[in-house]
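The structure appears below as structure tokens.
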Amino acid sequence: MNLKLRNPLVFFDLETTGINIATDRIVEICLLKVFPSGERTVHTERLNPQVPIPTEASLIHGIYDDDVKDKPTFKQVARNLAAMLEGADLAGFNVLKFDLPLLVEEFLRAGINFDPSSRKVVDVQRIYHLMEPRNLSAAYKFYCDRKLENAHSAEADTLATYEILDAQVKFYEGVAVEDKNGNATVPIQNDVQSLHDLTASNLVDFAGRIALDSKGVPIFNFGKHKNVPVAEVLRREPQYYDWMMQGDFPLNTKQKLTEIKLGLSSLAKNRS
């Protein structure tokens, strides 16, 4: 083991019902406890979130309502989990933005004051991004093996982006990866329609406030109605449209929202 530890270090990951820290729940948790001696223990447990697991979430982690209906709730195992974490520092991938805040919420709902501020926390993703930048200059070096001169000038950045894409379609030709359903697919194809479908096909407005779900239905992509169909919100809460139209949203977002609203009005007239 390369890591030099003074305290046990618990690596953890969560699978959840969604990405809203305040309202979503854990459906699976894994704790890998690494001791200074190098000894390791692993504990993985599925949990009943006591709310339906959205299909969009199940398609990502493969856990469905039937898989957890007979599992314990977080509250039922909270004290055991807290005991496993006792005296340990914490680590994970992107834990600071999501996993750790959600874990704290679950402990608080269970009546346990789990305070990570008294521990050291290591976010592996931040180290990765620090040491392996994911910007245009880094991409140009990786795909074209050249240093980007005059970075952040419009012309240099534009020409570099062309060269990167030109290199990517060759670099990934025939390279298969698994999609979110576990099926082998070749996502990078030398075809603009395919590249569009891969990178931008789920966006409704360019600001990304409205997106398409897996069935192609427009959903809100922010705020209290995140992941809720736009049509459903406009029918149930028509004043939400007025709030957005009067708010500080891009004109393109307002335009697309209005198109959806007019489409609903037209559909209602045709039915009447």
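Values for this structure:
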{"item": "Convex hull volume per residue in cubic angstrom - Cα atoms of region 107-260", "result": "232 Å³"}
{"item": "Using a Förster distance of 30 Å, the FRET efficiency for R236-Q50 (Cβ separation, nearest 0.05)", "result": "0.80"}
{"item": "Percentage relative contact order, the chain, counting C-alpha pairs under 8 Å, at least six apart", "result": "10 percent"}
{"item": "Dipole magnitude (debye, nearest 20) for the chain, charges at Cβ of Lys, Arg, Asp, Glu", "result": "720 debye"}
{"item": "Tail fraction, Cα-Cα pairs, region 210-271, threshold 15 Å, whole percent", "result": "50 percent"}
{"item": "Karplus-derived HN-Hα couplings along region 44-56 (A = 6.51, B = -1.76, C = 1.60, θ = phi - 60°), whole Hz, x at Gly and Pro", "result": "10, 8, 8, 10, 7, x, 6, 9, x, 8, x, 4, 4"}
{"item": "Extreme residue, positive dipole direction of the chain, given options S194, Y241, L212 (C-beta unit charges)", "result": "Y241"}
{"item": "Computed Kirkwood radius, in angstrom, where 1/r is averaged over Cα pairs of region 136-199", "result": "13.0 Å"}
{"item": "Calculated [θ] (222 nm, deg cm²/dmol) that DSSP helices of n ≥ 4 give over the chain, each run adding -39,500 (n - 2.57)", "result": "-12000 deg cm²/dmol"}
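Rule-based calculations on the coordinates, nothing more; no lab input. Computed from a prediction, not measured in an experiment: that's the story for all the values here. Heads up, the Cβs are rebuilt from the backbone with ideal geometry, glycines too, and the neighbour counts pull from every protein chain shown.
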